[in-house]
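**Student:** Sharing a structure below in structure tokens format, with a few things to ask.
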Amino acid sequence: MTINTIIDREILAEVAAEAISKAADAPRDAKRWVNAIAKAVVEIENNPFMTWQSVSKSLLILSERTGNIYTANGVCQCEAYSKGFPCYHRAAARLVTRYLERIH
Ligand SMILES: [Zn+2]
């Protein structure tokens, strides 16, 4: 199911605020994680090509900018991930996981 059409933005904002405060205390890449989370929120709310896959507990994301498709949970296939950096795909997967835990 496409996420942006069903997401409750208030709950997402709460989950994101918690994630940002945790990320700000991260031992490394704190600023990159905070930025990744902020971008993830925008994508979750607006990207019509983002689908949660409940069996694999991963987020399928079509990047409209690059045309690439990513399957994110703890890992990702993007360039940032391959260089060891935070990416919004993983941030989005984490946010959606927390969101689903919150509403269920
Ligand atoms: Zn990624």
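**Student:** Could you tell me the largest-minus-smallest coordinate of the C-alpha atoms of the chain on each of the three principal axes, in descending order and whole angstroms?
**Tutor:** The principal-axis extents, from largest down, are 34, 30, 24 Å.
**Student:** Per residue, how much space in cubic angstrom lies within the convex hull of the C-alpha atoms of region 63-104? Intermediate results must be reported in sequence, preceding the final value.
**Tutor:** Values: hull volume 3.1 nm³, N = 42.
Value for region 63-104: 73 Å³ per residue.
**Student:** Next up: Quick check on packing: order 81-91, 19-29 by the mean number of other C-beta atoms within 10 Å, highest mean leading.
**Tutor:** Working: 81-91: 18.9, 19-29: 13.1.
Listed from highest to lowest mean packing, they are 81-91, 19-29.
**Student:** How high is the FRET efficiency from GLU10 to GLU64, r the C-beta distance, R0 30 Å, rounded to 0.05? Display every interim value, and only then the final one.
**Tutor:** Numbers: r = 25 Å, r/R0 = 0.84.
Plugging the Cβ-Cβ distance into 1/(1 + (r/R0)^6) gives 0.75.
**Student:** Something else about it: For the full complex of protein chains and a 1.4 angstrom probe, list THR5, THR71 by accessible area with the highest value first.
**Tutor:** On the way: THR5 105, THR71 50 Å².
Listed by decreasing accessible area, they come as THR5, THR71.
**Student:** Helix-only estimate, please: 222 nm mean residue ellipticity of the chain, summing -39500 (n - 2.57) across DSSP H runs of length 4 or more and dividing by its residues, to the nearest 500.
**Tutor:** On the way: 4 runs with 53 residues, N = 104.
The helix-only estimate for the chain comes to -16000 deg cm²/dmol at 222 nm.
**Student:** Can you pull the percent of the chain's accessible area that's carbon plus sulfur, 1.4 Å probe, other chains left in place? Each step should come with its number before you reach the end.
**Tutor:** Numbers: 3380 of 6210 Å².
Of all accessible area on the chain, carbon and sulfur atoms account for 55 percent.
**Student:** Counting pairs of alpha carbon atoms under 8 Å apart in space and at least six apart in sequence, what relative contact order in percent does the chain give?
**Tutor:** On the way: 141 pairs, mean separation 30.2, N = 104.
Averaging sequence separation for qualifying contacts and normalising by length gives 29 percent for the chain.
**Student:** For the chain, with every protein chain kept in place, what is the accessible area per residue (1.4 Å probe, Å²)?
**Tutor:** Details: 6210 Å² over 104 residues.
I get 60 Å² per residue for this part.
**Student:** Still on this structure: So if I place +1 on the C-beta of Lys and Arg and -1 on the C-beta of Asp and Glu, and nothing else carries charge, what would the dipole magnitude of the chain be about its Cα centre? I want it in debye, nearest 20. Mind dumping the intermediate values first?
**Tutor:** Numbers: 13 positive and 11 negative charges, 72 e Å.
Dipole of the chain, to the nearest 20 debye: 340 debye.
**Student:** Here's another thing I want to ask about it. Please compute the Kirkwood hydrodynamic radius over region 25-64, one decimal place, Å, based on all pairs of different Cα atoms. Working shown, then result.
**Tutor:** Working: mean 1/r = 0.0865 Å⁻¹.
So the Kirkwood estimate lands at 11.6 Å.
**Student:** Which of the listed residues, THR66, VAL96, TYR81, is farthest toward the dipole's positive end in the chain, when Lys, Arg count +1 and Asp, Glu count -1 at the beta-carbon?
**Tutor:** It is TYR81.
The values are calculated or read from the model by the stated rules, or taken from the named source; none is laboratory data. The model shown is predicted, which means the values in this text are computed figures rather than measured ones. FYI the Cβ positions are ideal-geometry reconstructions off the backbone, even for glycines, and counts take in every protein chain you see. Keep in mind that these areas ignore ligands, DNA and RNA; they rest on the heavy atoms of the full protein, side chains included. Shrake-Rupley method; radii C 1.70, N 1.55, O 1.52, S 1.80 Å.
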